[in-house]
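The values are calculated or read from the model by the stated rules, or taken from the named source; none is laboratory data. Just so it is clear, the structure is predicted and the values come from calculations on it, not from any experiment. Glycine gets a Cβ as well: all are built from the backbone with ideal geometry, and neighbour counts include every protein chain shown. Keep in mind that these areas ignore ligands, DNA and RNA; they rest on the heavy atoms of the full protein, side chains included. Shrake-Rupley method; radii C 1.70, N 1.55, O 1.52, S 1.80 Å.
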Amino acid sequence: MSTNRQDRGKWGSRVGFIFAAAGSAIGLGNIWRFPYVAGENGGAAFVFLYIIFVIIIGVPVMISELAIGRYTEKNPVGAFRLLAPKSWWPALGMLGVFTGIGILSFYSVVAGWTLGYFVKTILGEFSGEITTGNLEVIYNTFVGNPVAVIIYSFIFISITALVVQGGVSEGIERWAKILMPFLFALLILLTLRSITLEGGAEGIRTYLLPDFSKVRAATFGKALGQALFSLSLGMGTMITYGSYMSKKENLVTAAGYVCFFDTLIAILAGLMIFPAVTANNLSMGEGPGLVFKVIPAIFSRMFGGHIFGAGFFLLLAIAALTSTISLLEVPVAYLVDERHWKRTNAVLLMAAAAFLLSIPSSLSFMSGGFFANIPVLKMKFLAFMNIIMGNYSLAIGSFFIALFVGARWGTGMIRSDFTENRLSPVVYNIWRFLIRFVCPIAILAIFIYIIVSGDYA
Ligand code: TRP
């Protein structure tokens, strides 16, 4: 192991870690996925379930993943190999490696769209009187053009690969630290504009006043999947990031910060999107195109809107970058630690795999194309990946991580992290109860509910 010590890394500082982990968590999941999934699933009722799942499942699983990573100083496969040798547990790490590539593949397509929209805004495509009809046409034409979409996602994966190649603290940490605060500021500005739009009240109502009659089995599954996706949990990202954390840091408070900021940004993104949806006569169930239609509608009504609009898409692309970095880092750390690959080769292979797998997702919006409506599944390839990799795989992963910590590794291993921080033993007991009972039972119950009701997607 000592040979590749230098190929691993360490976070430069305590804030550095929090920024990097928050950078992984905060991304398209908060700003692109959360609003449209919430819109498709009844608004406030979904948001309510989402917050519950962040608290009872997200926070405890994040603490667990970070603890496993920091304790073992390894990638997910290596971590389980070390803690449970000669068992099936390392397969859980492998699932994470594949899920990382799977998520990266469709995520970078959407990240590519944000680059495309940045360019469009700069070129002035949204200037003048912009109507809802125009926004639909611009969106459909753009995502339906496979050449542009493939080129943009290629660019995106390449940038991700370059940063990951740079290693942990110089690459990932530096980017995250500098750029995240700007995104936050711009988000607040656009939210202020949006909630003061005429006709926005209706959207705010749908977003904040729950209608529980809209809740179905799939709503539970999606709220859980969204919580895990947004917090980067269930595939070992936080195991990997925890492995670069110093023993001096307190991982309980770190997990608390990351979960808090991630949720705050998602809620703010909803507050930015929903008033503008009704103000522009768009529909709540607009689907994956939602933000791309709504944001231009907001900034076209702002003084100096184009600058803010272009800035927003650029920062969104950067937020996506700090997330794709963490997705690629998992399979790369696996090859470097377990197979003793050179970092460069590991990055090249995994980035190439993600790019190849991204092509069918890029072709998903071509009208009449094969991947726009896959036979039998009757859905777009991108939507399929989004559900399988971005919901189910993460839920399965989190279920087993909870089982692992609760039943195999033992919660006592993490106890000192609570006591050292002078958090009361009560907090430790709450976490222990959540990870041993609430997480596995809740996830299992949701799976059973989905299977019984046949409400898969
Ligand atoms: N959480 C990120 C987002 O919200 C996406 C992401 C990065 C992710 N790493 C992950 C999702 C690991 C699941 C697992 O945009």
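Residue-by-condition table, conditions (1) modelled with pLDDT under 95; (2) of a type in the set (Ser, Thr, Tyr); (3) buried (at least 16 other Cβ atoms within 10 Å of the Cβ):
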| residue | (1), (2), (3) |
| --- | --- |
| 131 | yes, yes, no |
| 143 | no, no, yes |
| 148 | no, no, yes |
| 151 | no, no, no |
| 168 | yes, no, yes |
| 175 | yes, no, yes |
| 188 | yes, no, no |
| 196 | yes, yes, no |
| 202 | yes, no, no |
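Tell me the residue from 271, 282, 335 that is under 21 Å from residue 22 (Cα atoms), more than 16 Å from the ligand (Cβ to nearest atom) and over 17 Å from the mean Cα position of the chain (by Cα), please.
Details: 282 fails: under 21 Å from residue 22 (Cα atoms); 335 fails: under 21 Å from residue 22 (Cα atoms).
It is 271.
Restricting the first residue to region 214-240 and requiring it to be within 16 Å of residue 402 (Cα to Cα), which pairs with a second residue that is within 10 Å of the ligand (Cβ to nearest atom) and part of a loop (DSSP other than H, G, I, E, B) meet a Cβ separation below 6 Å and a spacing of at least six or different chains?
Listed by first residue and then by second, the contacts come to 228/234.
Among the residues of region 213-248 satisfying the criterion of being open to solvent by 20 Å² or more (accessible area, probe 1.4 Å) and more than 15 Å from the chain's Cα centre (by Cα), which is farthest from the ligand (Cβ to nearest atom)?
Applying the filter and picking the extreme gives 213.
Mind listing whichever residues of region 364-388 are open to solvent by 40 Å² or more (accessible area, probe 1.4 Å) and in a helix (DSSP H, G or I)? Steps first, answer last, please.
Of the residues in region 364-388, the ones open to solvent by 40 Å² or more (accessible area, probe 1.4 Å) are 366-368, 370-371, 373, 375-380, 384, 388.
Hits for region 364-388 are 370, 371, 384, 388.
Could you give every pair whose Cβ atoms fall below 6 Å, whose first residue belongs to region 425-436 and is among the aromatic types (Phe, Trp, Tyr), and whose second residue is open to solvent by less than 70 Å² (accessible area, probe 1.4 Å), counting only separations of at least 6 or pairs across chains?
428/418; 431/60
Would you point out which residue out of 263, 253 is within 16 Å of the ligand (Cβ to nearest atom), open to solvent by 10 Å² or more (accessible area, probe 1.4 Å) and either closer than 17 Å to residue 108 by Cβ or not small (Gly, Ala, Ser) (or both)?
On the way: 253 fails: within 16 Å of the ligand (Cβ to nearest atom).
None of the other options fit; the residue is 263.
Listed here are the residues, each with its yes/no results for (1) modelled with pLDDT under 90; (2) closer than 18 Å to residue 316 by Cβ.
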{"residue": "229", "(1), (2)": "no, yes"}
{"residue": "233", "(1), (2)": "no, no"}
{"residue": "238", "(1), (2)": "no, no"}
{"residue": "251", "(1), (2)": "yes, no"}
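Please determine whether any residue of region 130-150 is part of a helix (DSSP H, G or I), closer than 30 Å to residue 437 by Cβ and either more than 16 Å from the ligand (Cβ to nearest atom) or aliphatic (A, V, I, L, M) (or both).
Of all residues in region 130-150, those part of a helix (DSSP H, G or I) come to 132-143, 146-150.
With the extra rule that they be closer than 30 Å to residue 437 by Cβ, the set shrinks to none.
Looking for residues that are part of a helix (DSSP H, G or I), closer than 30 Å to residue 437 by Cβ and either more than 16 Å from the ligand (Cβ to nearest atom) or aliphatic (A, V, I, L, M) (or both), one finds none in region 130-150, hence no.
Would you check which residues across region 79-129 are among the hydroxyl-bearing types (Ser, Thr, Tyr), away from the ligand (no atom under 14 Å from the Cβ) and surrounded by 19 or more Cβ atoms within 10 Å (Cβ to Cβ) and list them? So that I can check it myself, show each step before the final result.
At the first step, the residues of region 79-129 found to be among the hydroxyl-bearing types (Ser, Thr, Tyr) are 87, 99, 105, 107-108, 114, 117, 121, 127.
The next check asks that each one be away from the ligand (no atom under 14 Å from the Cβ); those that pass are 87, 117, 121, 127.
Of everything in region 79-129, those that are among the hydroxyl-bearing types (Ser, Thr, Tyr), away from the ligand (no atom under 14 Å from the Cβ) and surrounded by 19 or more Cβ atoms within 10 Å (Cβ to Cβ) turn out to be 117, 121.
Condition first: assigned to a helix (DSSP H, G or I), open to solvent by less than 50 Å² (accessible area, probe 1.4 Å) and among the small types (Gly, Ala, Ser). Can you find one or more residues in region 413-435 that meet it?
no
Can you tell me which condition residue 181 does not meet? The list is (1) of a type outside the set (Ser, Thr, Tyr); (2) more than 16 Å from the ligand (Cβ to nearest atom); (3) in a loop (DSSP other than H, G, I, E, B), and all the others hold.
Every listed condition holds for residue 181 apart from (3).
Which of (1) over 25 Å from residue 137 (Cβ atoms); (2) open to solvent by less than 40 Å² (accessible area, probe 1.4 Å); (3) touching a Phe, Trp or Tyr at 6+ places or on another chain (Cβ under 6 Å) is the odd one out, the single condition residue 210 does not satisfy?
(2)
Given the conditions (1) part of a helix (DSSP H, G or I); (2) under 25 Å from residue 47 (Cβ atoms), and given that residue 241 satisfies all but one, which numbered condition is not satisfied?
Single failed check for residue 241: (2).
Need pairs with beta-carbon distance below 8 Å; first residue among the hydroxyl-bearing types (Ser, Thr, Tyr) and within region 114-139, second crowded, with 18+ Cβ neighbours inside 10 Å and part of a loop (DSSP other than H, G, I, E, B); sequence gap 6+ or separate chains.
Sorted first by the residue in region 114-139, then by its partner, the pairs are 127/300; 132/280; 132/282.
Return a yes/no flag: does region 154-161 have any residue that is β-branched (Val, Ile, Thr), part of a helix (DSSP H, G or I), open to solvent by 60 Å² or more (accessible area, probe 1.4 Å) and closer than 22 Å to residue 237 by Cα. Even if it seems obvious, please write down each step before you answer.
Filtering region 154-161 down to residues β-branched (Val, Ile, Thr) leaves 155, 157, 159-160.
Checking which are part of a helix (DSSP H, G or I) leaves us with 155, 157, 159-160.
Okay, now just the ones that are also open to solvent by 60 Å² or more (accessible area, probe 1.4 Å), so 155, 159.
With the extra rule that they be closer than 22 Å to residue 237 by Cα, the set shrinks to 159.
Yes, that holds for at least one residue.
From the residues in region 285-330 that are open to solvent by less than 10 Å² (accessible area, probe 1.4 Å) and of a type in the set (Phe, Trp, Tyr), which one is farthest from the ligand (Cβ to nearest atom)?
So, considering only residues that are open to solvent by less than 10 Å² (accessible area, probe 1.4 Å) and of a type in the set (Phe, Trp, Tyr), the one farthest from the ligand (Cβ to nearest atom) is 299.
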